[in-house]
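Derivation of every value follows stated rules applied to the coordinates shown; laboratory data play no part. As the structure is a computational prediction, the values presented were derived from the model and not from experiment. We place every Cβ from the backbone using ideal geometry, glycine too, and count neighbours over all the protein chains shown.
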Amino acid sequence: MPTPAVRTAIFPVAGLGTRFLPATKATPKELLPVIDTPLIHYAIDEAQAAGIERMVFVSHPSKSAIERHVMDDARLRAELRSRGKAELADELREASFPEGSDEVVFTMQDQPLGLGHAVLCARDHVLPGPVAVILPDDLILGQGCIGEMVDAYRRNTPGHMVATMQVPAEETRKYGILSVTKTEGRVLRADGMVEKPEPSEAPSREAVVGRYILDASIFDDLAKQTPGAGGEIQLTDAIARGADRVGLAGLRFSGQRFDCGSKAGMLRATLHLAADDPECEAVLEEMIAAATAGTLAA
Ligand code: G1P
């Protein structure tokens, strides 16, 4: 039987973004830009490039700006046109979803009960088959990570697949960690996953980053899931619960990942992209020269 296609991507975007306060008091963290492009944009582009047909955003009532950003704004376009900015109006339309499109669904997670609970909130809106989950604050540049996973999933049919990268032992407590049983090139077969273990308890140093392809049975497992680490319904625990039944694998993705949920990661991503941006390149060189000369903080 051919592997069923991955048609839906779930974007959990209900989090309050406390690490970026006060910037995130009124602006959702997913709308914070790296140079001039909001994080959510990179995530949507990645899903579209992977052939995803439906995007389900699990948001929060206080974050309606995400919906306004993602959906077409005919009034704004008309205003731009009347000011002779037709090209900009066309670009905005290109980058947004038309009103009433069944390519996009917004649903609410009213209470912060965890990533697993957020994914469960999408259940009634997904298309049949396995689903992708994309965490927009994990920015992955280079080859589209979810596209790479869709290809690997098709070849390896693992049931659940997670994107992984190796981390130093002292960082296992920041990630879901895979219990690896066998390495087949870039695919790591696994029999479980542990959420944020202490280094002494970690089954490996293969950390899960914010890209998943999950067998549709994840929703039944999530519905049965009791709170885990941090008192939250953990996606990691529901994945581990299904590992024996449907299979689990990690994919060592090829792109470069930036933790844009942290100031350091956001800065790294900005500097990385600045080096490629004609408007920013010279500024970057100027700042590096100043830093080298020790005059930056003056
Ligand atoms: C979440 C997941 C964790 C994963 C991480 C990747 O944690 O629970 O398993 O490794 O994303 O960024 P969070 O960073 O939301 O605490």
- prompt: Inside region 256-280, can you point out the residues that are under 18 Å from ALA43 (Cβ atoms), surrounded by fewer than 19 Cβ atoms within 10 Å (Cβ to Cβ) and among the small types (Gly, Ala, Ser)?
  reply: SER262, GLY265
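Results for (1) within 10 Å of the ligand (Cβ to nearest atom); (2) surrounded by 21 or more Cβ atoms within 10 Å (Cβ to Cβ); (3) within 18 Å of ILE218 (Cα to Cα), shown as yes or no for each residue.
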residue: GLY129; (1), (2), (3): no, no, yes
residue: LEU135; (1), (2), (3): yes, yes, yes
residue: CYS145; (1), (2), (3): no, yes, no
residue: MET149; (1), (2), (3): no, yes, yes
residue: THR157; (1), (2), (3): no, no, yes
residue: LEU188; (1), (2), (3): no, yes, no
task: Please go through region 270-286 and pick out each residue that is in contact with a helix residue (DSSP H, G or I) (Cβ under 9 Å, 6 or more places away or on another chain) and either within 16 Å of the ligand (Cβ to nearest atom) or over 16 Å from ASP137 (Cα atoms) (or both).
output: LEU271, ALA274, ALA275, ASP277, CYS280, GLU281, VAL283, LEU284
field: Qualifying residue in region 173-182 (condition: in contact with a helix residue (DSSP H, G or I) (Cβ under 9 Å, 6 or more places away or on another chain), outside any loop (DSSP other than H, G, I, E, B), within 20 Å of GLY250 (Cβ to Cβ) and away from the ligand (no atom under 16 Å from the Cβ))
entry: no
- prompt: Condition test on LEU120, is it more than 14 Å from VAL13 (Cβ to Cβ) and in a loop (DSSP other than H, G, I, E, B)?
  reply: no
- prompt: Would you pick out the residues in region 111-126 that are crowded, with 16+ Cβ neighbours inside 10 Å and at negative phi?
  reply: LEU113, LEU115, GLY116, HIS117, ALA118, VAL119, LEU120, CYS121, ALA122, ARG123, HIS125, VAL126
